[in-house]
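The values are calculated or read from the model by the stated rules, or taken from the named source; none is laboratory data. Only a predicted model underlies this, so the values are computations on that prediction, with no experimental measurement involved. So basically every Cβ, Gly included, is an ideal-geometry build from the backbone, and we count neighbours across all protein chains shown. The protein model used for the area step is the full one, side chains on, heavy atoms only, and it has no ligands, DNA or RNA in it. Shrake-Rupley method; radii C 1.70, N 1.55, O 1.52, S 1.80 Å.
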Amino acid sequence: MQSAVVTCFGDTFAGIDPELRPATRPEFGHLQSNLPLRLAGPLGLPPREIGARLIDAVDLGDLVSLELAGAGFLNLTWSPDVLGAVVSDLLTDPHLGVPVPASPRRVVVDYSSPNVAKPMHVGHLRSTVIGDSLARVLAYTGHDVVRQNHLGDWGTQFGMLVEELLGEGLSDPATVADLDMAELLALYQRAKARFDDDPGFADSARRRVVALQSGEPTTLALWQALVDASMAEFEATYGRLGVLLTDDDFDGESRYNPQLPGVVDDLRASGLLTESAGAQVVYPDGFTGRDGAPLPLIVRKADGGFGYAATDLATIRHRVDDLAVNRVVYIVDHRQSQHFEMVFAVARAAGWLPDSVEVQHIGFGTVLGPDGRPFKTRSGETVSLTALLDAAEEAAAASYAGHEVVRAVANAAVKYADLSNNLARDYVFDLTRMSATTGETGPYLQYAHARVCSILAQAPQQAHGINTLSHPAEQRLALELTGFASVVAKVADTLEPHHLTAYLYGLATALTGFYENCPVLKAEGEVRQTRLALCEATRRVLSEGLGLLGIEAPQRM
(Lines give C-alpha, C1' and ligand atoms only; values in the text may rest on other atoms or scores of the structure.)
Protein backbone atom coordinates (compact mmCIF):
# COMPACT_ATOMS: atom_id res chain seq x y z
CA MET A 1 0.00 0.00 0.00
CA GLN A 2 2.81 2.43 0.88
CA SER A 3 4.61 1.73 -2.41
CA ALA A 4 1.36 2.36 -4.29
CA VAL A 5 1.08 5.77 -2.63
CA VAL A 6 4.60 6.67 -3.76
CA THR A 7 3.90 5.36 -7.26
CA CYS A 8 0.75 7.45 -7.53
CA PHE A 9 1.67 10.60 -5.65
CA GLY A 10 5.43 10.79 -5.22
CA ASP A 11 8.09 10.44 -2.52
CA THR A 12 6.51 13.18 -0.40
CA PHE A 13 4.19 10.54 0.99
CA ALA A 14 6.74 7.77 1.46
CA GLY A 15 6.25 5.89 4.70
CA ILE A 16 2.66 7.02 5.26
CA ASP A 17 0.74 4.63 7.50
CA PRO A 18 -2.36 3.12 5.84
CA GLU A 19 -3.79 2.75 9.39
CA LEU A 20 -5.57 -0.50 8.69
CA ARG A 21 -8.31 -1.22 11.21
CA PRO A 22 -10.62 -4.21 11.64
CA ALA A 23 -13.81 -3.70 9.65
CA THR A 24 -16.81 -2.83 11.75
CA ARG A 25 -19.21 -4.96 9.69
CA PRO A 26 -18.74 -8.13 7.60
CA GLU A 27 -19.84 -6.44 4.38
CA PHE A 28 -16.86 -4.08 4.72
CA GLY A 29 -14.39 -6.94 4.37
CA HIS A 30 -11.77 -7.78 6.98
CA LEU A 31 -9.80 -4.54 7.23
CA GLN A 32 -10.50 -0.91 6.37
CA SER A 33 -8.36 2.12 5.66
CA ASN A 34 -9.37 5.77 5.40
CA LEU A 35 -6.14 6.64 3.59
CA PRO A 36 -7.89 8.31 0.59
CA LEU A 37 -9.74 10.63 2.97
CA ARG A 38 -6.50 11.59 4.74
CA LEU A 39 -4.71 12.25 1.44
CA ALA A 40 -7.52 14.36 0.00
CA GLY A 41 -6.45 17.55 1.74
CA PRO A 42 -2.73 17.48 0.91
CA LEU A 43 -3.39 16.35 -2.68
CA GLY A 44 -6.41 18.53 -3.38
CA LEU A 45 -8.19 15.61 -5.03
CA PRO A 46 -11.51 13.86 -4.36
CA PRO A 47 -11.03 10.90 -1.98
CA ARG A 48 -12.71 8.45 -4.32
CA GLU A 49 -10.38 9.43 -7.16
CA ILE A 50 -7.40 8.86 -4.85
CA GLY A 51 -8.82 5.49 -3.82
CA ALA A 52 -9.37 4.38 -7.40
CA ARG A 53 -5.81 5.29 -8.39
CA LEU A 54 -4.41 3.41 -5.39
CA ILE A 55 -6.39 0.28 -6.23
CA ASP A 56 -5.07 0.38 -9.80
CA ALA A 57 -1.49 0.69 -8.51
CA VAL A 58 -1.63 -2.03 -5.86
CA ASP A 59 -0.61 -5.52 -6.90
CA LEU A 60 -1.57 -7.98 -4.14
CA GLY A 61 -2.10 -10.97 -6.36
CA ASP A 62 -4.46 -13.53 -4.92
CA LEU A 63 -3.67 -12.62 -1.31
CA VAL A 64 -6.35 -10.02 -0.82
CA SER A 65 -9.16 -8.29 -2.63
CA LEU A 66 -9.39 -4.52 -2.43
CA GLU A 67 -12.44 -2.35 -3.09
CA LEU A 68 -13.42 1.29 -2.79
CA ALA A 69 -16.44 2.11 -0.65
CA GLY A 70 -18.39 5.07 0.68
CA ALA A 71 -16.81 8.50 0.67
CA GLY A 72 -13.33 7.07 0.19
CA PHE A 73 -12.67 3.97 2.28
CA LEU A 74 -10.56 1.04 1.15
CA ASN A 75 -11.98 -2.34 2.17
CA LEU A 76 -9.54 -5.26 2.25
CA THR A 77 -10.58 -8.89 2.32
CA TRP A 78 -8.00 -11.64 2.80
CA SER A 79 -8.40 -14.70 0.68
CA PRO A 80 -9.59 -17.82 2.53
CA ASP A 81 -6.36 -19.57 1.56
CA VAL A 82 -4.24 -16.92 3.29
CA LEU A 83 -6.33 -17.08 6.45
CA GLY A 84 -6.25 -20.88 6.42
CA ALA A 85 -2.47 -20.91 6.06
CA VAL A 86 -2.06 -18.65 9.10
CA VAL A 87 -4.29 -20.88 11.23
CA SER A 88 -2.37 -23.95 10.05
CA ASP A 89 0.85 -22.29 11.19
CA LEU A 90 -0.66 -21.65 14.62
CA LEU A 91 -1.44 -25.34 14.97
CA THR A 92 2.20 -26.30 14.42
CA ASP A 93 3.95 -23.40 16.22
CA PRO A 94 4.18 -23.89 20.01
CA HIS A 95 4.89 -20.17 20.38
CA LEU A 96 1.84 -19.19 18.29
CA GLY A 97 3.77 -16.95 15.95
CA VAL A 98 5.01 -14.56 18.64
CA PRO A 99 8.46 -13.39 17.52
CA VAL A 100 11.45 -13.74 19.82
CA PRO A 101 13.86 -10.77 19.72
CA ALA A 102 17.31 -11.30 18.22
CA SER A 103 18.81 -9.48 21.22
CA PRO A 104 16.68 -10.16 24.30
CA ARG A 105 16.82 -7.58 27.06
CA ARG A 106 17.25 -8.13 30.79
CA VAL A 107 14.23 -6.50 32.38
CA VAL A 108 13.50 -5.86 36.05
CA VAL A 109 9.78 -5.66 36.83
CA ASP A 110 9.25 -4.00 40.23
CA TYR A 111 5.74 -4.65 41.52
CA SER A 112 3.44 -5.38 44.47
CA SER A 113 5.68 -3.96 47.25
CA PRO A 114 3.55 -4.43 50.38
CA ASN A 115 4.68 -3.22 53.82
CA VAL A 116 5.74 -5.54 56.63
CA ALA A 117 3.27 -5.90 59.52
CA LYS A 118 0.46 -4.41 57.44
CA PRO A 119 -2.11 -6.36 55.43
CA MET A 120 -2.14 -6.03 51.67
CA HIS A 121 -5.07 -3.85 50.64
CA VAL A 122 -6.98 -2.82 47.56
CA GLY A 123 -4.16 -0.41 46.69
CA HIS A 124 -1.80 -3.36 46.24
CA LEU A 125 -4.18 -5.16 43.91
CA ARG A 126 -3.38 -3.18 40.80
CA SER A 127 0.40 -3.21 41.24
CA THR A 128 0.36 -6.96 41.85
CA VAL A 129 -1.98 -7.94 39.01
CA ILE A 130 -0.50 -5.54 36.45
CA GLY A 131 3.07 -6.41 37.35
CA ASP A 132 2.41 -10.13 37.17
CA SER A 133 0.84 -9.85 33.72
CA LEU A 134 3.59 -7.62 32.30
CA ALA A 135 6.28 -9.92 33.67
CA ARG A 136 4.54 -12.88 31.99
CA VAL A 137 4.27 -11.06 28.64
CA LEU A 138 7.89 -9.89 28.68
CA ALA A 139 9.13 -13.38 29.51
CA TYR A 140 6.90 -14.92 26.81
CA THR A 141 8.34 -12.57 24.21
CA GLY A 142 11.85 -13.79 24.97
CA HIS A 143 13.20 -11.30 27.49
CA ASP A 144 15.12 -12.24 30.64
CA VAL A 145 12.73 -11.05 33.35
CA VAL A 146 13.83 -10.39 36.93
CA ARG A 147 10.80 -10.05 39.21
CA GLN A 148 11.42 -7.82 42.23
CA ASN A 149 9.05 -7.23 45.13
CA HIS A 150 10.41 -4.09 46.80
CA LEU A 151 9.18 -4.91 50.28
CA GLY A 152 8.65 -2.09 52.80
CA ASP A 153 10.68 -3.71 55.57
CA TRP A 154 12.76 -0.86 57.01
CA GLY A 155 12.28 2.51 58.63
CA THR A 156 10.91 4.34 61.66
CA GLN A 157 7.85 2.12 62.09
CA PHE A 158 10.00 -0.86 63.04
CA GLY A 159 11.45 0.91 66.04
CA MET A 160 7.88 1.52 67.12
CA LEU A 161 6.84 -2.10 66.54
CA VAL A 162 9.82 -3.68 68.28
CA GLU A 163 9.45 -1.34 71.26
CA GLU A 164 5.79 -2.34 71.54
CA LEU A 165 6.69 -6.04 71.37
CA LEU A 166 9.19 -5.69 74.18
CA GLY A 167 6.78 -3.59 76.22
CA GLU A 168 4.20 -6.39 75.93
CA GLY A 169 6.73 -9.02 76.92
CA LEU A 170 6.94 -10.55 73.43
CA SER A 171 10.70 -11.01 73.23
CA ASP A 172 10.78 -14.49 71.66
CA PRO A 173 11.34 -14.19 67.88
CA ALA A 174 9.75 -17.61 67.26
CA THR A 175 6.51 -16.46 68.90
CA VAL A 176 6.49 -13.26 66.88
CA ALA A 177 7.14 -15.14 63.63
CA ASP A 178 3.95 -17.15 64.23
CA LEU A 179 1.70 -14.07 64.39
CA ASP A 180 -0.91 -13.90 61.65
CA MET A 181 -1.74 -10.75 59.73
CA ALA A 182 -4.68 -9.81 61.96
CA GLU A 183 -2.40 -10.00 64.98
CA LEU A 184 0.31 -8.01 63.21
CA LEU A 185 -2.17 -5.31 62.28
CA ALA A 186 -3.46 -5.12 65.86
CA LEU A 187 0.13 -4.84 67.06
CA TYR A 188 0.77 -1.99 64.63
CA GLN A 189 -2.38 -0.17 65.73
CA ARG A 190 -1.44 -0.45 69.41
CA ALA A 191 2.08 0.74 68.73
CA LYS A 192 0.90 3.66 66.60
CA ALA A 193 -1.59 4.78 69.25
CA ARG A 194 1.15 4.77 71.92
CA PHE A 195 3.59 6.51 69.59
CA ASP A 196 1.08 9.31 68.98
CA ASP A 197 -0.09 9.67 72.60
CA ASP A 198 2.96 8.86 74.75
CA PRO A 199 6.04 11.06 74.21
CA GLY A 200 8.14 8.73 76.32
CA PHE A 201 7.25 5.75 74.15
CA ALA A 202 7.89 7.82 71.01
CA ASP A 203 11.40 8.65 72.23
CA SER A 204 12.05 4.99 73.06
CA ALA A 205 10.82 3.97 69.60
CA ARG A 206 13.19 6.43 67.94
CA ARG A 207 16.11 5.05 69.96
CA ARG A 208 15.02 1.58 68.93
CA VAL A 209 15.35 2.63 65.26
CA VAL A 210 18.96 3.53 65.95
CA ALA A 211 19.44 0.12 67.58
CA LEU A 212 17.95 -1.56 64.52
CA GLN A 213 20.15 0.39 62.14
CA SER A 214 23.24 -0.46 64.18
CA GLY A 215 22.39 -4.17 64.21
CA GLU A 216 21.66 -4.64 67.92
CA PRO A 217 20.95 -8.42 68.18
CA THR A 218 17.64 -8.43 70.09
CA THR A 219 16.15 -5.66 67.97
CA LEU A 220 17.37 -7.25 64.75
CA ALA A 221 15.97 -10.68 65.70
CA LEU A 222 12.50 -9.27 66.43
CA TRP A 223 12.58 -7.23 63.22
CA GLN A 224 13.42 -10.40 61.25
CA ALA A 225 10.55 -12.25 62.97
CA LEU A 226 8.13 -9.50 61.89
CA VAL A 227 9.41 -9.79 58.33
CA ASP A 228 9.09 -13.59 58.36
CA ALA A 229 5.52 -13.48 59.70
CA SER A 230 4.52 -10.92 57.07
CA MET A 231 6.16 -12.75 54.19
CA ALA A 232 4.26 -15.92 55.06
CA GLU A 233 1.00 -13.95 54.76
CA PHE A 234 2.08 -12.29 51.51
CA GLU A 235 3.04 -15.63 49.97
CA ALA A 236 -0.36 -17.06 50.87
CA THR A 237 -2.05 -14.15 49.10
CA TYR A 238 0.15 -14.52 46.02
CA GLY A 239 -0.61 -18.22 45.91
CA ARG A 240 -4.31 -17.53 46.17
CA LEU A 241 -4.10 -15.05 43.29
CA GLY A 242 -1.86 -17.26 41.18
CA VAL A 243 0.81 -14.55 41.08
CA LEU A 244 4.35 -15.58 40.11
CA LEU A 245 6.22 -14.10 43.08
CA THR A 246 8.41 -16.25 45.33
CA ASP A 247 10.86 -15.85 48.21
CA ASP A 248 13.63 -15.26 45.70
CA ASP A 249 11.82 -12.20 44.35
CA PHE A 250 11.58 -10.33 47.66
CA ASP A 251 13.84 -7.29 47.46
CA GLY A 252 13.29 -5.39 50.68
CA GLU A 253 14.32 -1.84 51.44
CA SER A 254 16.53 -3.29 54.18
CA ARG A 255 18.89 -4.67 51.53
CA TYR A 256 19.94 -1.14 50.66
CA ASN A 257 20.33 0.32 54.15
CA PRO A 258 24.14 -0.23 54.28
CA GLN A 259 24.50 1.53 50.92
CA LEU A 260 22.64 4.74 51.78
CA PRO A 261 25.56 6.67 53.31
CA GLY A 262 27.53 5.92 50.15
CA VAL A 263 24.71 7.29 48.01
CA VAL A 264 24.89 10.57 49.91
CA ASP A 265 28.69 10.70 49.80
CA ASP A 266 28.81 10.03 46.06
CA LEU A 267 26.19 12.67 45.31
CA ARG A 268 28.17 15.14 47.38
CA ALA A 269 31.40 14.22 45.59
CA SER A 270 29.73 14.75 42.22
CA GLY A 271 28.59 18.23 43.23
CA LEU A 272 24.89 17.41 43.04
CA LEU A 273 24.08 17.56 46.75
CA THR A 274 22.84 20.75 48.44
CA GLU A 275 21.87 21.47 52.04
CA SER A 276 18.38 22.85 52.56
CA ALA A 277 17.01 23.50 56.06
CA GLY A 278 19.40 20.89 57.41
CA ALA A 279 18.41 18.25 54.85
CA GLN A 280 20.62 16.93 52.04
CA VAL A 281 18.82 17.40 48.74
CA VAL A 282 19.34 17.38 44.99
CA TYR A 283 17.66 19.86 42.64
CA PRO A 284 17.27 17.97 39.33
CA ASP A 285 16.89 20.15 36.26
CA GLY A 286 13.38 20.92 35.07
CA PHE A 287 11.43 20.28 38.27
CA THR A 288 9.67 23.18 39.95
CA GLY A 289 6.92 23.62 42.51
CA ARG A 290 3.68 25.52 42.06
CA ASP A 291 5.47 28.72 42.99
CA GLY A 292 8.04 28.15 40.25
CA ALA A 293 10.85 27.49 42.72
CA PRO A 294 13.19 24.54 42.08
CA LEU A 295 11.85 21.32 43.57
CA PRO A 296 14.22 19.32 45.82
CA LEU A 297 14.60 15.57 45.98
CA ILE A 298 15.28 14.85 49.66
CA VAL A 299 18.02 12.26 50.00
CA ARG A 300 18.77 12.65 53.71
CA LYS A 301 16.40 14.31 56.15
CA ALA A 302 17.39 16.97 58.64
CA ASP A 303 17.20 14.43 61.49
CA GLY A 304 19.78 12.24 59.76
CA GLY A 305 17.32 9.66 58.46
CA PHE A 306 17.26 8.67 54.82
CA GLY A 307 14.34 9.45 52.53
CA TYR A 308 12.75 7.06 50.05
CA ALA A 309 14.80 8.71 47.33
CA ALA A 310 18.05 7.42 48.82
CA THR A 311 16.74 3.86 48.80
CA ASP A 312 15.41 4.21 45.26
CA LEU A 313 18.75 5.57 44.05
CA ALA A 314 20.63 2.71 45.73
CA THR A 315 18.19 0.28 44.11
CA ILE A 316 18.91 1.68 40.66
CA ARG A 317 22.67 1.33 41.24
CA HIS A 318 22.20 -2.31 42.26
CA ARG A 319 20.06 -3.11 39.25
CA VAL A 320 22.42 -1.47 36.78
CA ASP A 321 25.75 -2.52 38.32
CA ASP A 322 24.93 -5.93 39.78
CA LEU A 323 21.96 -7.21 37.79
CA ALA A 324 23.17 -5.72 34.47
CA VAL A 325 19.68 -4.80 33.32
CA ASN A 326 18.68 -3.07 30.08
CA ARG A 327 15.22 -2.03 31.20
CA VAL A 328 13.54 -1.39 34.56
CA VAL A 329 9.77 -1.18 34.91
CA TYR A 330 8.18 0.16 38.10
CA ILE A 331 4.49 -0.60 38.57
CA VAL A 332 3.49 1.92 41.24
CA ASP A 333 0.51 4.20 41.90
CA HIS A 334 0.40 7.14 39.45
CA ARG A 335 0.64 9.57 42.38
CA GLN A 336 4.32 8.65 42.61
CA SER A 337 5.02 9.79 39.04
CA GLN A 338 6.91 12.94 39.91
CA HIS A 339 8.96 11.16 42.56
CA PHE A 340 10.16 8.57 40.05
CA GLU A 341 10.83 11.16 37.37
CA MET A 342 13.05 13.05 39.80
CA VAL A 343 14.82 9.89 40.98
CA PHE A 344 15.52 8.88 37.37
CA ALA A 345 16.80 12.39 36.56
CA VAL A 346 19.16 12.39 39.55
CA ALA A 347 20.42 8.87 38.77
CA ARG A 348 21.22 9.92 35.20
CA ALA A 349 22.89 13.13 36.33
CA ALA A 350 25.05 11.12 38.75
CA GLY A 351 26.05 8.70 36.01
CA TRP A 352 24.42 5.72 37.72
CA LEU A 353 21.78 5.27 35.04
CA PRO A 354 23.33 5.16 31.56
CA ASP A 355 21.35 6.06 28.47
CA SER A 356 21.49 2.41 27.42
CA VAL A 357 19.18 1.47 30.30
CA GLU A 358 15.49 2.31 29.88
CA VAL A 359 13.52 3.07 33.03
CA GLN A 360 9.75 3.41 33.08
CA HIS A 361 7.23 4.17 35.77
CA ILE A 362 3.91 2.50 34.90
CA GLY A 363 1.43 4.42 36.99
CA PHE A 364 -2.14 3.31 37.53
CA GLY A 365 -5.41 4.79 38.66
CA THR A 366 -7.52 4.16 41.72
CA VAL A 367 -9.98 1.35 42.40
CA LEU A 368 -13.35 2.99 43.06
CA GLY A 369 -16.42 1.77 44.88
CA PRO A 370 -19.92 1.81 43.38
CA ASP A 371 -20.28 5.41 44.63
CA GLY A 372 -17.42 6.50 42.38
CA ARG A 373 -15.12 7.23 45.32
CA PRO A 374 -11.96 5.38 46.38
CA PHE A 375 -12.98 1.90 47.50
CA LYS A 376 -13.47 1.85 51.29
CA THR A 377 -15.26 -0.23 53.89
CA ARG A 378 -18.51 1.10 55.33
CA SER A 379 -16.55 2.47 58.27
CA GLY A 380 -14.27 4.37 55.90
CA GLU A 381 -11.24 2.07 56.19
CA THR A 382 -9.16 0.77 53.31
CA VAL A 383 -10.44 -2.57 52.01
CA SER A 384 -8.02 -5.42 52.65
CA LEU A 385 -7.03 -7.54 49.67
CA THR A 386 -8.16 -10.67 51.53
CA ALA A 387 -11.65 -9.23 52.06
CA LEU A 388 -11.82 -8.21 48.41
CA LEU A 389 -10.88 -11.69 47.22
CA ASP A 390 -13.32 -13.27 49.67
CA ALA A 391 -16.10 -11.14 48.19
CA ALA A 392 -15.08 -12.12 44.65
CA GLU A 393 -15.21 -15.81 45.56
CA GLU A 394 -18.63 -15.37 47.14
CA ALA A 395 -19.89 -13.78 43.93
CA ALA A 396 -18.41 -16.60 41.83
CA ALA A 397 -19.87 -19.23 44.16
CA ALA A 398 -23.36 -17.88 43.45
CA SER A 399 -23.04 -19.37 39.95
CA TYR A 400 -20.56 -22.18 40.59
CA ALA A 401 -21.40 -23.41 44.11
CA GLY A 402 -19.30 -26.42 44.99
CA HIS A 403 -17.44 -26.25 41.67
CA GLU A 404 -13.67 -26.46 41.54
CA VAL A 405 -13.48 -23.35 39.34
CA VAL A 406 -14.85 -20.89 41.95
CA ARG A 407 -11.45 -19.44 42.82
CA ALA A 408 -10.33 -19.41 39.18
CA VAL A 409 -13.50 -17.54 38.16
CA ALA A 410 -13.17 -15.09 41.05
CA ASN A 411 -9.56 -14.32 40.12
CA ALA A 412 -10.52 -13.94 36.46
CA ALA A 413 -13.25 -11.46 37.38
CA VAL A 414 -10.87 -9.36 39.46
CA LYS A 415 -7.87 -9.50 37.15
CA TYR A 416 -9.69 -8.91 33.87
CA ALA A 417 -11.54 -5.90 35.27
CA ASP A 418 -8.23 -4.45 36.40
CA LEU A 419 -6.24 -5.17 33.24
CA SER A 420 -8.94 -4.31 30.69
CA ASN A 421 -8.91 -0.65 31.63
CA ASN A 422 -6.35 1.85 30.47
CA LEU A 423 -3.93 1.67 33.39
CA ALA A 424 -3.95 5.40 34.07
CA ARG A 425 -7.70 5.48 34.57
CA ASP A 426 -9.67 4.79 37.73
CA TYR A 427 -12.24 1.99 37.54
CA VAL A 428 -15.26 0.91 39.55
CA PHE A 429 -15.04 -2.37 41.42
CA ASP A 430 -18.46 -3.89 40.66
CA LEU A 431 -18.48 -7.61 41.41
CA THR A 432 -21.89 -8.22 39.81
CA ARG A 433 -20.68 -6.94 36.46
CA MET A 434 -17.15 -8.36 36.78
CA SER A 435 -18.35 -11.89 37.59
CA ALA A 436 -20.85 -12.19 34.73
CA THR A 437 -20.29 -14.86 32.09
CA THR A 438 -21.64 -12.50 29.43
CA GLY A 439 -20.18 -9.23 28.31
CA GLU A 440 -16.55 -8.17 28.47
CA THR A 441 -15.43 -10.06 31.58
CA GLY A 442 -12.81 -12.59 32.58
CA PRO A 443 -15.40 -15.32 33.26
CA TYR A 444 -16.81 -14.81 29.75
CA LEU A 445 -13.39 -15.60 28.27
CA GLN A 446 -13.05 -18.61 30.54
CA TYR A 447 -16.47 -19.81 29.44
CA ALA A 448 -15.46 -19.44 25.79
CA HIS A 449 -12.38 -21.54 26.44
CA ALA A 450 -14.39 -24.20 28.28
CA ARG A 451 -16.94 -24.30 25.45
CA VAL A 452 -14.33 -24.93 22.78
CA CYS A 453 -12.67 -27.55 25.00
CA SER A 454 -16.02 -29.33 25.27
CA ILE A 455 -16.32 -29.50 21.50
CA LEU A 456 -12.82 -30.89 21.10
CA ALA A 457 -13.36 -33.44 23.88
CA GLN A 458 -16.17 -34.95 21.83
CA ALA A 459 -13.91 -35.48 18.83
CA PRO A 460 -10.84 -37.17 20.33
CA GLN A 461 -7.87 -38.03 18.14
CA GLN A 462 -9.43 -36.43 15.10
CA ALA A 463 -7.20 -35.07 12.35
CA HIS A 464 -7.36 -31.29 12.49
CA GLY A 465 -6.43 -29.56 9.27
CA ILE A 466 -7.52 -26.45 7.41
CA ASN A 467 -9.00 -27.03 3.99
CA THR A 468 -11.44 -24.39 2.76
CA LEU A 469 -12.80 -21.56 4.90
CA SER A 470 -16.07 -21.13 3.08
CA HIS A 471 -18.35 -19.63 5.75
CA PRO A 472 -17.95 -15.93 6.73
CA ALA A 473 -17.98 -16.90 10.43
CA GLU A 474 -15.07 -19.29 9.80
CA GLN A 475 -13.17 -16.55 8.05
CA ARG A 476 -13.93 -14.05 10.81
CA LEU A 477 -12.62 -16.40 13.48
CA ALA A 478 -9.52 -17.16 11.42
CA LEU A 479 -8.92 -13.43 10.95
CA GLU A 480 -9.06 -12.86 14.70
CA LEU A 481 -6.58 -15.68 15.26
CA THR A 482 -4.06 -13.97 12.99
CA GLY A 483 -3.79 -11.04 15.41
CA PHE A 484 -2.41 -12.82 18.49
CA ALA A 485 1.31 -12.48 17.76
CA SER A 486 1.15 -8.78 16.95
CA VAL A 487 -0.92 -7.86 20.01
CA VAL A 488 1.40 -9.73 22.38
CA ALA A 489 4.39 -7.96 20.84
CA LYS A 490 2.54 -4.66 21.22
CA VAL A 491 1.91 -5.24 24.95
CA ALA A 492 5.58 -6.14 25.47
CA ASP A 493 6.51 -2.83 23.85
CA THR A 494 3.87 -0.46 25.26
CA LEU A 495 3.29 -2.23 28.61
CA GLU A 496 -0.46 -1.75 28.15
CA PRO A 497 -2.24 -5.05 28.87
CA HIS A 498 -5.66 -3.71 27.86
CA HIS A 499 -4.67 -4.36 24.23
CA LEU A 500 -4.48 -8.07 25.02
CA THR A 501 -7.75 -8.14 26.95
CA ALA A 502 -9.52 -6.39 24.07
CA TYR A 503 -8.03 -8.83 21.58
CA LEU A 504 -9.12 -11.88 23.59
CA TYR A 505 -12.62 -10.48 23.96
CA GLY A 506 -12.80 -9.99 20.19
CA LEU A 507 -11.60 -13.55 19.67
CA ALA A 508 -14.19 -14.94 22.11
CA THR A 509 -16.90 -12.93 20.35
CA ALA A 510 -15.83 -14.31 16.97
CA LEU A 511 -15.89 -17.80 18.47
CA THR A 512 -19.47 -17.23 19.60
CA GLY A 513 -20.46 -16.21 16.06
CA PHE A 514 -18.68 -19.26 14.67
CA TYR A 515 -20.34 -21.56 17.21
CA GLU A 516 -23.79 -20.22 16.40
CA ASN A 517 -23.41 -20.41 12.61
CA CYS A 518 -21.08 -23.32 11.92
CA PRO A 519 -21.93 -26.75 13.37
CA VAL A 520 -18.71 -28.58 14.17
CA LEU A 521 -19.52 -32.08 15.39
CA LYS A 522 -22.41 -32.49 12.97
CA ALA A 523 -20.31 -31.44 9.99
CA GLU A 524 -18.64 -34.03 7.83
CA GLY A 525 -15.44 -34.59 5.92
CA GLU A 526 -13.14 -31.69 5.24
CA VAL A 527 -15.61 -29.18 6.66
CA ARG A 528 -15.55 -31.00 9.99
CA GLN A 529 -11.75 -31.17 9.97
CA THR A 530 -11.47 -27.48 9.17
CA ARG A 531 -13.86 -26.47 11.93
CA LEU A 532 -12.12 -28.70 14.46
CA ALA A 533 -8.83 -27.11 13.44
CA LEU A 534 -10.30 -23.66 14.05
CA CYS A 535 -11.50 -24.83 17.47
CA GLU A 536 -8.08 -26.19 18.38
CA ALA A 537 -6.28 -23.03 17.26
CA THR A 538 -8.76 -20.90 19.22
CA ARG A 539 -8.30 -23.06 22.30
CA ARG A 540 -4.54 -22.62 22.14
CA VAL A 541 -4.69 -18.87 21.69
CA LEU A 542 -7.31 -18.36 24.42
CA SER A 543 -5.37 -20.56 26.83
CA GLU A 544 -2.07 -18.82 26.14
CA GLY A 545 -3.60 -15.35 26.15
CA LEU A 546 -5.43 -15.88 29.43
CA GLY A 547 -2.22 -17.25 30.90
CA LEU A 548 -0.39 -14.05 29.97
CA LEU A 549 -3.01 -12.16 31.97
CA GLY A 550 -2.47 -14.47 34.92
CA ILE A 551 -5.93 -16.01 34.43
CA GLU A 552 -6.59 -19.75 34.51
CA ALA A 553 -8.27 -21.33 31.50
CA PRO A 554 -10.59 -24.08 32.85
CA GLN A 555 -11.58 -26.92 30.56
CA ARG A 556 -14.97 -27.22 32.24
CA MET A 557 -17.29 -24.68 33.85
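Within the range 174-327, the percentage of alpha carbon pairs spaced more than 28 angstrom apart rounds to 39%.
Between the helical axis of 525-548 and the longest alpha-carbon principal axis of the chain there is an angle of about 20 degrees.
The slack between ILE55 and LEU185, meaning 0.36 nm per residue of separation minus the straight C-alpha distance, is 39.9 nm. All other residues whose Cβ lies under 13 angstrom from that of PRO22 are scored, Lys and Arg at +1 and Asp and Glu at -1, for a net of +1. Magnitude of the charge dipole for the range 197-346, about its Cα centre and with charges confined to Cβ atoms of Lys, Arg (+1) and Asp, Glu (-1), is about 320 debye. Based on the Kirkwood approach, the hydrodynamic radius assigned to the range 411-557 is 15.7 Å, with every pair of different Cα atoms included. Gyration tensor analysis over the Cα atoms of the range 459-539 returns equivalent ellipsoid semi-axes of 27, 12, 10 Å (largest first, whole Å). Using a probe of 1.4 Å on the protein chains alone, the accessible area found for LEU244 is around 80 Å². In this structure, SER399 and GLN458 have a Cβ-Cβ separation that, at R0 = 25 Å, corresponds to a calculated FRET efficiency of about 0.55. Phi angles of the range 324-331 translate, via the Karplus equation with coefficients 6.51, -1.76, 1.60 and θ = phi - 60°, into HN-Hα couplings of 6, 7, 9, 8, 10, 10, 9, 9 Hz per residue; Gly and Pro are given as x.
Here the dipole of the range 52-160 is about 780 debye; that uses its Cα centre as origin and unit charges on the Cβ of Lys and Arg (positive) and Asp and Glu (negative).
Near ILE55, within a Cβ-to-Cβ distance under 12 Å, what is the net charge of the other residues, with Lys and Arg +1 and Asp and Glu -1? Spelling it out: positives minus negatives among the neighbours equals -2. In a fully extended conformation the segment linking ASP196 and ASN326 would gain 42.4 nm over its present Cα-Cα distance, using 0.36 nm per residue. Other residues with beta-carbon under 15 Å from the beta-carbon of ASP426 carry, at +1 per Lys or Arg and -1 per Asp or Glu, a net charge of +1.
In the range 474-557, taking the dipole from charged Cβ atoms about the Cα centre, the farthest positive-side position among HIS499, VAL520, LEU481 is held by VAL520. Candidates SER270, LEU212, SER230 compared by Cα position along the dipole of the range 185-305: farthest toward the positive end lies LEU212, with charges placed on Cβ. To put it simply, the accessible area of the chain at a 1.4 Å probe is 49 percent carbon and sulfur. To the nearest ten degrees, helix 308-321 and the longest principal axis of the Cα atoms of the chain are 60 degrees apart. Averaged per residue, the chain has 45 square angstrom of accessible surface, using a 1.4 angstrom probe with ligands and nucleic acids left out. Here the Kirkwood formula puts the hydrodynamic radius of the range 77-213 at 19.3 Å, using every distinct Cα pair. Taking the 0 to 90 degree range and rounding to the nearest ten, how far is the long axis of helix 199-214 tilted relative to the main principal axis of the chain, both from C-alpha atoms? Helix 199-214 and the main axis of the chain meet at about 70 degrees. The H on the amide N of PHE375, modeled in the peptide plane, is under 5 Å from the matching H of VAL367, LEU368, GLY369, each at least 5 residues off or on a different chain. Beyond 28 Å in Cα-Cα separation lie the following of the pairs LYS301/LYS376; LYS192/LYS376; LYS490/LYS522; LYS301/LYS415: LYS301/LYS376; LYS490/LYS522; LYS301/LYS415. Across the chain, how large is the tail of the calculated P(r) beyond 38 Å, expressed as a percent of all Cα pairs? Counting every Cα pair in the chain, those more than 38 Å apart make up 43 percent. Here the chain is treated with +1 on each Lys and Arg Cβ and -1 on each Asp and Glu Cβ, and its dipole about the Cα centre works out to around 900 debye.
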